[in-house]
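First the structure, in the form of structure tokens, and then the observations on it.
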Amino acid sequence: MGVMIAGLLIFFAGHLLPTIPSVRDGLVASLGPGRYRLVYSLVALAGLVLVAIGYSGREYIHVYAPTLTGRAMALHAMPLAFFLLAAANMKTWTRRLLRHPMSLGILLWAGLHLAANGDLYSVILFGSFAVYAVVSAILAIARGKTKDDGTVSIKYDGFALLGAVLLYGLILHAHGWLFGVALR
């Protein structure tokens with residue numbers, strides 16, 4: 001469990017430290033924009049690798065019994081989470097209307113996985129991502145940060161929807177291989 005928690009701390013610290021403008025500006029000034037993005041990406045990747053290693057070696061420690069409804073919701077609502085994640089990175093109407101679809105997508109992804117999994121490792125993993133999504137949105141709102149650049153097009157919402165459906169299909173079929181839990 002320690003490896004997973006270390007990975008979560010590295011991942012979230014790497015994502016939350018830059019929300020402090022003086023920290024981010026100091027890092028960009030000392031590293032340069034390109035190296036800053038490289039270091040940011042490597043820290044995030046290192047955190048995710050440690051999370052994956054720690055989670056894959058987990059032992060089942062029962063916390064609660066997920067319901068069939070929770071599992072069905074997770075199976076059928078994940079395309080919406082993927083859509084929100086995709087829409088957050090394009091000039092979509094969804095991004096303009098919701099302001100923080102990435103945080104909403106992460107929160108939905110985490111909540112659905114909490115509904116479908118009742119072991120301690122899952123509660124820590126998905127619960128921490130749910131908390132991160134809420135904190136991230138609050139910090140973005142406090143900083144006045146949104147990704148609305150004024151130029152949006154419904155075609156990008158269509159691209160986000162298509163990407164979400166394709167990604168969902170891929171992950172649905174590869175879930176067992178990728179994450180050790182086959183979805184059938």
*Scope region 139-184; condition touching a Gly at 6+ places or on another chain (Cβ under 9 Å) and modelled with pLDDT of 80 or more; matching residues*: Ala182, Leu183
_From Tyr40, Tyr132, Tyr64, residue being modelled with pLDDT under 95, within 24 Å of Met4 (Cα to Cα) and surrounded by fewer than 20 Cβ atoms within 10 Å (Cβ to Cβ)_ = Tyr40
_Subset of region 67-84 that is touching a helix residue (DSSP H, G or I) at 6+ places or on another chain (Cβ under 6 Å) and not hydrophobic (A, V, I, L, M, F, W, C) - its residue that is modelled with the highest pLDDT_ = Pro79
_Among the residues listed as Val39, Val23, Val28, Val51, the single one being assigned to a helix (DSSP H, G or I), free of Cβ contacts under 8 Å to residues at least 60 places away in the same chain and under 20 Å from the mean Cα position of the chain (by Cα)_ = Val39
*Can you run down the residue pairs with Cβ atoms below 6 Å, 6 or more apart or on separate chains, where the first is in region 104-117 and in contact (Cβ under 8 Å) with a residue 40 or more places away in the chain and closer than 13 Å to Tyr64 by Cβ and the partner is surrounded by fewer than 20 Cβ atoms within 10 Å (Cβ to Cβ) and of a type in the set (Lys, Arg)?*
Ala116/Arg71
*If the Cβ limit is 6 Å and pairs must be 6+ apart or interchain, which residue in region 59-87 that is over 9 Å from Leu112 (Cβ atoms) pairs with which residue that is crowded, with 21+ Cβ neighbours inside 10 Å and charged (D, E, K, R)?*
Ala87/Arg95
*Leu45 passes all but one of (1) surrounded by fewer than 15 Cβ atoms within 10 Å (Cβ to Cβ); (2) at pLDDT below 95; which number fails?*
(2)
*Mind listing whichever residues of region 55-67 are closer than 19 Å to Gly176 by Cβ and either of a type in the set (Gly, Ala, Ser) or part of a helix (DSSP H, G or I) (or both)?*
Tyr55, Ser56, Gly57
*Do we have His100 as in contact (Cβ under 8 Å) with a residue 12 or more places away in the chain, in contact with an Asp or Glu (Cβ under 7 Å, 6 or more places away or on another chain), over 16 Å from Leu161 (Cα atoms) and of a type outside the set (Val, Ile, Thr) here?*
no
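The values are calculated or read from the model by the stated rules, or taken from the named source; none is laboratory data. None of the values given here were measured: they were computed from a predicted structure. Using ideal geometry, Cβ is built from the backbone for each residue, glycine included, and neighbour counts are taken over all protein chains shown.
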